[in-house]
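Novice: Got a structure for you, questions after.
The values are calculated or read from the model by the stated rules, or taken from the named source; none is laboratory data. Everything quoted here is computed from the prediction, not taken from an experiment. Note: ideal-geometry Cβ built from the backbone for every residue, glycine included; neighbour counts use all protein chains shown.
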């Protein structure tokens, strides 16, 4: 079996393409009658779906994985555990599932990239949903220690009240649309008129 395109995608950190490459290879091998079920990179395939937030496809793939693979490949179980946490909206558990497994060299890159991406998405979610949040809750959502979560927020403009142990979320300033003064519009019209004539 030739996994060169998948290997290239992982090497170039094109993690958003991993699931579609795996899908295409799976169809190709099946159409050629190649038996691949026990040798398939199920963990990478699951992680590819997880990276692009396609949890439905990850669930479908999980259901098709042979029981022997699920029993004998702990990394497949570890990848699916992340998918389960996402499916159940256990966002703090996503970080735990990532940290509690010792990922292979083949999966370390995509797991680390997903972890960073997920942390950024969680930060954006906190930014839009909260005006204040406890340091403990921010740490759980961001998958960090309380000190790291505090520093992460403060570096992005949040403030911390040491007495209440609360972070005040600073919303990003939204650029306001400038109103065009009618006198400016008149001058602009005259200027354009003179240019044309």
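Novice: Would you check which residues across the range 55-80 are part of a helix (DSSP H, G or I) and loosely packed, with under 15 Cβ neighbours inside 10 Å and list them? Break it down into steps so the answer makes sense when it comes.
Specialist: From the range 55-80, those part of a helix (DSSP H, G or I) are 55-64, 67-72, 74-80; that's our starting set.
Result: 56, 60, 63, 64, 67, 68, 70, 71, 72, 74.
Novice: State all residues of the range 40-54 that are assigned to a helix (DSSP H, G or I) and either more than 16 Å from the chain's Cα centre (by Cα) or surrounded by fewer than 19 Cβ atoms within 10 Å (Cβ to Cβ) (or both); if no residue qualifies, say none.
Specialist: Quick first cut of the range 40-54, residues assigned to a helix (DSSP H, G or I) only: 42-51.
42, 43 - these are the residues of the range 40-54 that are assigned to a helix (DSSP H, G or I) and either more than 16 Å from the chain's Cα centre (by Cα) or surrounded by fewer than 19 Cβ atoms within 10 Å (Cβ to Cβ) (or both).
Novice: One residue is enough: does the range 30-39 have a residue meeting the conditions touching a helix residue (DSSP H, G or I) at 6+ places or on another chain (Cβ under 6 Å) and surrounded by 13 or more Cβ atoms within 10 Å (Cβ to Cβ)?
Specialist: Within the range 30-39 (the criterion being touching a helix residue (DSSP H, G or I) at 6+ places or on another chain (Cβ under 6 Å) and surrounded by 13 or more Cβ atoms within 10 Å (Cβ to Cβ)), the answer is yes, since at least one residue qualifies.
Novice: Of the conditions (1) closer than 22 Å to residue 51 by Cβ; (2) at pLDDT 95 or above, residue 90 fails just one. Which one is it?
Specialist: Single failed check for residue 90: (2).
Novice: Within the range 119-138, is there a residue that is exposed (fewer than 15 other Cβ atoms within 10 Å of the Cβ) and within 26 Å of residue 26 (Cα to Cα)?
Specialist: No.
Novice: Within the range 139-164, can you find the residues that are surrounded by 13 or more Cβ atoms within 10 Å (Cβ to Cβ), in contact with a strand residue (DSSP E or B) (Cβ under 7 Å, 6 or more places away or on another chain) and more than 25 Å from residue 89 (Cβ to Cβ)?
Specialist: 154, 160
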